[in-house]
């Protein structure tokens, strides 16, 4: 019988099931799976927390910050004095969540940052730099860490999940998070702003535009739409997007469209003309030219 986690809270580190939400402090690792309903929960001094919402309701609140719990989204909460989860309608939520202690984070960062010789000389070493991850509700489909959380969530519904190692799953997630963190820092460095907080806010708004593009790639997308959803002026959006992602919004959209087109053509479920229409190209010849400019071959080259 496959696990369902209905009205229970399973911690993979403890190999233990709880009937009510357990409380953990910042020194305890956890890997929780639950499908339950509760109107309120408070995190006291939480460790680094990664949450994937297969079914989301309510919101996470800390001071003036609110993060909506949305289906298919994930969020990373940095270590701090705690968050509150509010679910006024008391609807069910279906969640996979990691709690990662500072000790594991430091050990991981030591290994990633130290030279091979230093790692071998001090195999259990640590480094103490503070971590920072962007706190936002993000679509899991559009980020490697989100896709990994979704895969682990799906794995947790299989019987073999109980034979997996929670420490290894945690390390795999940390590696993925740090890769994206490095990319995020590079993007922030390229954003023109004096204040670091302004750069962070600009990155958040660029990610709104980024997700809008991925969610609506079959439609015609113009810079006016991206400006509206990201609350950035057309000029600010154009300049910051190009510096952050190495392409203008229009170039990025076309590159993503032909990438999706290549996938569809290889699958063979649609004709080239249908793929062109599916991705919002009104003119097949224009689609073919854009495709060939990117891949060096016409779309027909990828028909199996």
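Descriptive notes on the structure:
- Residue 74 meets the stated requirement of being in contact with a helix residue (DSSP H, G or I) (Cβ under 6 Å, 6 or more places away or on another chain), outside the structural domain of residue 211 (by TED's automatic domain parsing), modelled with pLDDT of 90 or more and surrounded by 13 or more Cβ atoms within 10 Å (Cβ to Cβ).
- When the helices (runs of 4 or more DSSP H) confined to the stretch 216-295 are screened for residues that are within 24 Å of the chain's Cα centre (by Cα), those reaching at least 1 such residues are found at 223-230, 234-245, 249-267.
- Entry remark, the stretch 186-197: residues being surrounded by 13 or more Cβ atoms within 10 Å (Cβ to Cβ) and assigned to a helix (DSSP H, G or I) number 3 in total.
Table: residues versus (1) closer than 30 Å to residue 239 by Cβ; (2) assigned to a strand (DSSP E or B); (3) out of contact with any strand residue (DSSP E or B) (no Cβ under 9 Å at 6 or more places or on another chain); (4) modelled with pLDDT under 95.
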position: 103; (1), (2), (3), (4): no, no, yes, yes
position: 107; (1), (2), (3), (4): no, no, yes, yes
position: 111; (1), (2), (3), (4): no, no, yes, yes
position: 136; (1), (2), (3), (4): yes, no, no, yes
position: 146; (1), (2), (3), (4): yes, no, no, no
position: 177; (1), (2), (3), (4): yes, no, no, yes
position: 184; (1), (2), (3), (4): yes, no, yes, yes
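- Residue within the stretch 180-187 that is under 16 Å from the mean Cα position of the chain (by Cα) and closer than 18 Å to residue 106 by Cβ present: yes
- Residues that are in a loop (DSSP other than H, G, I, E, B) and either more than 26 Å from the chain's Cα centre (by Cα) or loosely packed, with under 12 Cβ neighbours inside 10 Å (or both) within the stretch 15-26 comprise 15, 19, 20, 23, listed in sequence order.
- Scanning the stretch 1-12 for residues that are under 19 Å from residue 163 (Cα atoms) and surrounded by fewer than 18 Cβ atoms within 10 Å (Cβ to Cβ) turns up 1, 2, 3, 4.
- Among all positions in the stretch 30-47, there is at least one residue which is in a strand (DSSP E or B), in contact with a helix residue (DSSP H, G or I) (Cβ under 6 Å, 6 or more places away or on another chain) and in the same structural domain as residue 133 (by TED's automatic domain parsing).
- Qualifying residue in the stretch 91-99 (condition: buried (at least 18 other Cβ atoms within 10 Å of the Cβ) and in a loop (DSSP other than H, G, I, E, B)): no
- Only a single item in (1) surrounded by 20 or more Cβ atoms within 10 Å (Cβ to Cβ); (2) in the same structural domain as residue 294 (by TED's automatic domain parsing) is not met by residue 255, and it is number (1).
- Residues of the stretch 254-282 that are at positive phi and touching a residue at least 40 places away in the same chain (Cβ under 8 Å): 280 alone.
The values are calculated or read from the model by the stated rules, or taken from the named source; none is laboratory data. Bear in mind that the values here come from a model prediction, so they are computed numbers and not experimental data. Positions of Cβ are generated from backbone atoms using ideal geometry, with glycine treated the same way; all protein chains shown enter the neighbour counts.
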